[in-house]
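To start, the structure under review is shown below, and the notes come after it.
The values are calculated or read from the model by the stated rules, or taken from the named source; none is laboratory data. Keep in mind the model is a prediction, meaning the values are calculated, not measured. Counting neighbours? That spans all protein chains shown, and the Cβs are built from the backbone with ideal geometry, glycine included. Heads up: the accessible areas ignore ligands, DNA and RNA and are worked out on the full protein's heavy atoms, side chains in. Shrake-Rupley method; radii C 1.70, N 1.55, O 1.52, S 1.80 Å.
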Amino acid sequence: MWIERLRRQPVVVQAIWAVLAIAFVAALVEARWSLAFVSAATFALSLVPVLVQRRLGIRLPVRFFGWIVVFVFATIFLGEAFDFYGRFWWWDVVLHGGSALAFGLIGFLFVFMLFEGDRYAAPAGALAFMSFCFAMTIGALWEIFEFAMDQIFGLNMQKTGLIDTMWDLIVDTVGATIGATAGYFFLQGRHLGGLTLALREFIAANRWLYRKRRFFRRRR
């Protein structure tokens, strides 16, 4: 069952998993324990969406799942194991901005679910603001994670320390604003590129989450 589920994933996701598997085996052969750990950790984190879908009974559209796996791969494996953060100055900016934007969308989906899919239950601006706060909270927690990894495992995720952290938070703010704005446009029946389309796809695939008395209906 698990094998069939993994086989149904996008080609780019399967390719990333293959790269991680090869890197893990090669690292073990060459006794590069840090690379082996990063490869295994990246693979494990990329499987989290699959576990969440099964555990919570939700469905992730293909583009959602693909974005998540690519982000984890780019952040942990390429960014740390192959020092893309050091090689390309823009790597950290793009990833932080992209993650903040994604969490802005996720925050909107979560807040909209709490209001049972009723776009008139609260002002669109209020829902967008709560989405923004959700994304910023995740960004702050990530900075704490980077600090902990540096202190415990001797990595260099924070790079220049306070300056790096503050720029990350600034980029997070921009990304979270865009994500929250997409949610606002969605409630207004307007479009913002593929962002509002992604929101529609998720809601369409998980309609039971956006209905009144959804939990009782799901159990029947």
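So here's what we get for this one:
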{"read-out": "Of all residues making up region 119-159, the number that are in contact (Cβ under 8 Å) with a residue 24 or more places away in the chain and among the charged types (D, E, K, R)", "value": "3"}
{"read-out": "Condition met for Ala176 (open to solvent by less than 20 Å² (accessible area, probe 1.4 Å), touching a strand residue (DSSP E or B) at 6+ places or on another chain (Cβ under 6 Å), closer than 27 Å to Ala128 by Cα and not in a loop (DSSP other than H, G, I, E, B))", "value": "no"}
{"read-out": "Helices (runs of 4 or more DSSP H) lying entirely in region 53-156 (those with 2 or more residues that are under 13 Å from the mean Cα position of the chain (by Cα) and either modelled with pLDDT of 85 or more or under 19 Å from Leu197 (Cβ atoms) (or both))", "value": "62-72, 91-114, 124-153"}
{"read-out": "Residues of region 182-193 classified as open to solvent by 50 Å² or more (accessible area, probe 1.4 Å) and assigned to a helix (DSSP H, G or I), total", "value": "2"}
{"read-out": "Residues located in region 20-48, provided they are surrounded by 15 or more Cβ atoms within 10 Å (Cβ to Cβ) and either over 30 Å from Arg59 (Cα atoms) or touching a residue at least 40 places away in the same chain (Cβ under 8 Å) (or both)", "value": "Leu20, Ala23, Ala27, Arg32, Leu35, Ala36, Val38, Ser39"}
{"read-out": "Test for Arg190: is it over 18 Å from the mean Cα position of the chain (by Cα) and at pLDDT 85 or above", "value": "yes"}
{"read-out": "Enumeration of residues in region 127-155 that are open to solvent by 40 Å² or more (accessible area, probe 1.4 Å) and either farther than 20 Å from Phe71 by Cα or among the aromatic types (Phe, Trp, Tyr) (or both)", "value": "Phe129, Met130, Phe132, Cys133, Phe134, Trp142, Phe145, Phe147, Gln151, Ile152, Phe153, Gly154"}
{"read-out": "Search result, residues across region 157-173 that are at pLDDT below 90, open to solvent by less than 60 Å² (accessible area, probe 1.4 Å) and among the hydroxyl-bearing types (Ser, Thr, Tyr)", "value": "Thr165"}
{"read-out": "Test: residue in region 198-207 that is outside any helix (DSSP H, G or I) and in contact (Cβ under 8 Å) with a residue 60 or more places away in the chain", "value": "yes"}
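Okay, residues lined up against (1) more than 24 Å from Leu51 (Cα to Cα); (2) open to solvent by 60 Å² or more (accessible area, probe 1.4 Å); (3) in contact with a Gly (Cβ under 7 Å, 6 or more places away or on another chain):
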{"site": "Ile76", "(1), (2), (3)": "no, no, no"}
{"site": "Ala81", "(1), (2), (3)": "yes, no, no"}
{"site": "Tyr85", "(1), (2), (3)": "yes, no, yes"}
{"site": "Trp90", "(1), (2), (3)": "yes, yes, no"}
{"site": "Gly104", "(1), (2), (3)": "no, no, yes"}
